[in-house]
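Chemist: One structure, as structure tokens, below. Some questions next.
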Amino acid sequence: MKVIDRIADLRVALDAPRAKGATVGLVPTMGAFHEGHRSLMRMARANHDVVVVTLFVNPLQFNVGADLDRYPRDLAADAAVARAEGVDFLFAPSVGEMYPQAVVTTVHVDALSAGLCGTARPGHFDGVATVVTKLFSIAGACTAYFGRKDAQQLAVVRRMAADLNLPVTVVGCPLVREADGLAMSSRNVHLSEEERRCATVLFRALREAATAVTTAGERDAGRLRELVVTTIGAAPTVRLDYAEIVDAHTITPVEALAGDVLIAVAAFVGETRLIDNVTLSIEPESHEARADLGVVAESFHIGS
Ligand code: AMP
């Protein structure tokens with residue numbers, strides 16, 4: 001595996017094999033690799049001749065300076081993980097390489113960026129859309145893998161790539177959880193032992209709501225939301241930021257469940273902000289519901 005920190009070098013490294021017909025799999029990340037990241041690398045490795053992982057803690061998408069400052073960083077450890085997953089190139093540019101001048105050109109994906117984390121973190125998705133556009137432009141024609149852990153981000157990036165005719169196929173991959181259901185996140189390292197225990201309430205609340213939909217036939221978004229709010233509200237040290245039920249593709253609120261719907265939550269556990277979600281799919285003909293809660297690290301399926 002080669003670590004590359006220059007944009008020009010990455011272009012050459014990918015253009016040469018692509019000119020000979022090789023396909024490229026791209027995995028954009030901010031590092032501090034865990035099983036969620038590894039699952040994306042494996043997916044890319046299984047499907048492409050050349051795999052590139054990008055590692056860049058993008059200042060543009062942090063609206064709280066302290067969050068950026070304390071974001072975990074360990075290039076050597078991440079390089080070892082990427083190498084073990086058979087990655088060909090780890091692109092880890094500096095902030096100066098990515099943003100050599102004051103940023104005056106940004107990408108804004110309207111509507112999809114407005115709700116959920118867009119409300120809680122103003123400007124966040126402009127930062128994401130801008131850096132992902134740059135990464136797609138640098139990488140060139142490829143297939144890019146994103147986790148459904150960040151379901152709104154996936155919807156934003158997918159729409160952006162389509163609207164801007166970028167030569168990139170965006171693929172969504174399963175949300176990976178710890179054995180007790182906590183969604184894997186680079187931010188979990190900030191949790192104290194007690195906070196770590198309390199944090200599982202997000203998964204429990206989502207699973208409870210998913211069961212209400214799949215087994216009890218609940219289709220009312222208001223009642224489902226209440227269920228989630230009540231369960232999370234009862235947990236110590238957890239402060240709910242939002243719990244919303246939205247269309248999974250447009251990220252707009254729904255009243256009655258139909259098609260692909262997302263129950264998305266964000267909460268502060270102590271000082272650490274965590275997000276989680278479940279995707280519910282209601283069959284248009286039979287009205288039967290399926291829930292996708294993701295997988296645990298050992299690949300045990302926990303959807304229903
Ligand atoms: P990050 O480094 O947090 O920006 O995440 C990089 C990529 O990994 C994004 O596409 C995330 O959605 C994905 N990712 C992060 N955590 C998980 C997880 N627990 N399961 C699946 N994908 C994840």
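Chemist: Might you check whether a residue that is of a type outside the set (Ser, Thr, Tyr) and part of a loop (DSSP other than H, G, I, E, B) occurs anywhere in region 124-136?
Modeler: no
Chemist: Let me ask something else. Tally up the residues in region 150-183 that are in contact with a Lys or Arg (Cβ under 9 Å, 6 or more places away or on another chain), near the ligand (Cβ under 8 Å from one of its atoms) and open to solvent by 20 Å² or more (accessible area, probe 1.4 Å), please.
Modeler: 1
Chemist: For residues that are among the polar types (S, T, N, Q) and more than 18 Å from residue 201 (Cα to Cα), tally how many sit in region 213-244.
Modeler: Going residue by residue through region 213-244, those that are among the polar types (S, T, N, Q) are 214-215, 230-231, 237.
Checking which are more than 18 Å from residue 201 (Cα to Cα) leaves us with 214-215.
Within region 213-244, residues that are among the polar types (S, T, N, Q) and more than 18 Å from residue 201 (Cα to Cα) number 2.
Chemist: Evaluate region 223-243: report whether one residue or more is among the acidic types (Asp, Glu) and under 30 Å from residue 42 (Cα atoms). Steps first, answer last, please.
Modeler: Pass one, region 223-243, residues among the acidic types (Asp, Glu): 226, 241.
Pick out the ones that are also under 30 Å from residue 42 (Cα atoms) and you get none.
No, because not a single residue in region 223-243 is among the acidic types (Asp, Glu) and under 30 Å from residue 42 (Cα atoms).
Chemist: A further question follows. Could you grab me the full set of residues in region 202-224 that are within 16 Å of the ligand (Cβ to nearest atom) and not aliphatic (A, V, I, L, M)? If you could, list the steps in order and put the result at the bottom.
Modeler: In the first step, residues of region 202-224 are kept if they are within 16 Å of the ligand (Cβ to nearest atom); the result is 202-203, 206-207.
Residues satisfying the conditions are 203, 207.
Chemist: Could you grab me the full set of residues in region 184-194 that are open to solvent by less than 40 Å² (accessible area, probe 1.4 Å) and not hydrophobic (A, V, I, L, M, F, W, C)?
Modeler: The initial filter retains those residues of region 184-194 that are open to solvent by less than 40 Å² (accessible area, probe 1.4 Å), namely 184-186, 188, 191.
185, 186, 188 - these are the residues of region 184-194 that are open to solvent by less than 40 Å² (accessible area, probe 1.4 Å) and not hydrophobic (A, V, I, L, M, F, W, C).
Chemist: For region 69-104, give me each residue that is open to solvent by less than 70 Å² (accessible area, probe 1.4 Å), at pLDDT 95 or above and over 21 Å from residue 4 (Cβ atoms).
Modeler: 103
Chemist: Working only within region 1-33, note down all residues that are out of contact with any Leu (no Cβ under 9 Å at 6 or more places or on another chain), open to solvent by 40 Å² or more (accessible area, probe 1.4 Å) and in contact (Cβ under 8 Å) with a residue 40 or more places away in the chain.
Modeler: 5, 6, 11, 15, 18, 23
Chemist: Would you kindly identify the helices (runs of 4 or more DSSP H) lying entirely within region 1-102 that contain at least 2 residues that are in contact with a helix residue (DSSP H, G or I) (Cβ under 7 Å, 6 or more places away or on another chain) and within 13 Å of the ligand (Cβ to nearest atom)? Walk me through it before giving the result.
Modeler: Details: elements: 7-19, 35-47, 65-69, 75-84, 95-98.
Filter on region 1-102 gives 35-47, 75-84.
Chemist: Report, by residue number, each residue of region 184-201 that is among the hydroxyl-bearing types (Ser, Thr, Tyr) and away from the ligand (no atom under 13 Å from the Cβ).
Modeler: From region 184-201, those among the hydroxyl-bearing types (Ser, Thr, Tyr) are 185-186, 192, 200; that's our starting set.
Listed by number, the residues that qualify are 192, 200.
Chemist: Right, something else. Residues that are open to solvent by 50 Å² or more (accessible area, probe 1.4 Å): find the strands (runs of 3 or more DSSP E) completely inside region 200-304 holding 1 or more of those. Before you say what the answer is, go through the steps one by one.
Modeler: Values: elements: 238-247, 259-269, 272-282, 289-292.
It comes to 238-247, 259-269, 289-292.
The values are calculated or read from the model by the stated rules, or taken from the named source; none is laboratory data. Here the structure is a predicted model, which is why all the values come from computation and not from measurement. Counting neighbours? That spans all protein chains shown, and the Cβs are built from the backbone with ideal geometry, glycine included. In case anyone asks, the SASA skips ligands and DNA or RNA and just uses the protein heavy atoms, side chains included. Shrake-Rupley method; radii C 1.70, N 1.55, O 1.52, S 1.80 Å.
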